[in-house]
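Shown next, in structure tokens, is the structure this report addresses.
The values are calculated or read from the model by the stated rules, or taken from the named source; none is laboratory data. Just so it is clear, the structure is predicted and the values come from calculations on it, not from any experiment. Cβ atoms come from the backbone with ideal geometry, glycine included; neighbour counts cover every protein chain shown.
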């Protein structure tokens, strides 16, 4: 590595240490680094993980646990009624931030509400009338606790 690159490496590593993104290590594993010049002339630190990837043991079935979890629901999945209480007792949002927070909560349940994006549209139009009506259009289907069937278990 050239002296200019070595100096840049020390600067970038110290910056990453100061920010807490990395920590000192005495691991026997390491990876070579190199710099790539960016359009603006600065240097981008790149790490070559090809050798490490060769010895990494990969999980053949990363979603197996998730699949087993859903197989246990032979009738499909449904909204947790305890969590629906949070949405149904939500106080009326008065600010843009509060509406965004509510949409984040409601968005978690979008798979249970047909046409969610259309129902939520009034809430995204923060300056127009209809935001309160849009709120209850989302809350009411949550209260009803629709059941979504993931698949026909008879075909498995």
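Name every residue in the stretch 12-26 that is within 16 Å of residue 47 (Cβ to Cβ) and part of a helix (DSSP H, G or I), in order of residue number. Hits for the stretch 12-26 are 12, 13, 15, 16, 17. Just need a number here: residues in the stretch 76-110 that are at pLDDT 70 or above and over 19 Å from residue 124 (Cβ atoms). Number satisfying all stated conditions: 5. In the set 17, 45, only one residue is farther than 27 Å from residue 137 by Cβ, at pLDDT 85 or above and in contact with a helix residue (DSSP H, G or I) (Cβ under 6 Å, 6 or more places away or on another chain); that residue is 45. When residue 53 is tested against (1) surrounded by 11 or more Cβ atoms within 10 Å (Cβ to Cβ); (2) modelled with pLDDT under 85; (3) assigned to a helix (DSSP H, G or I), just one condition goes unmet, and that condition is (1).
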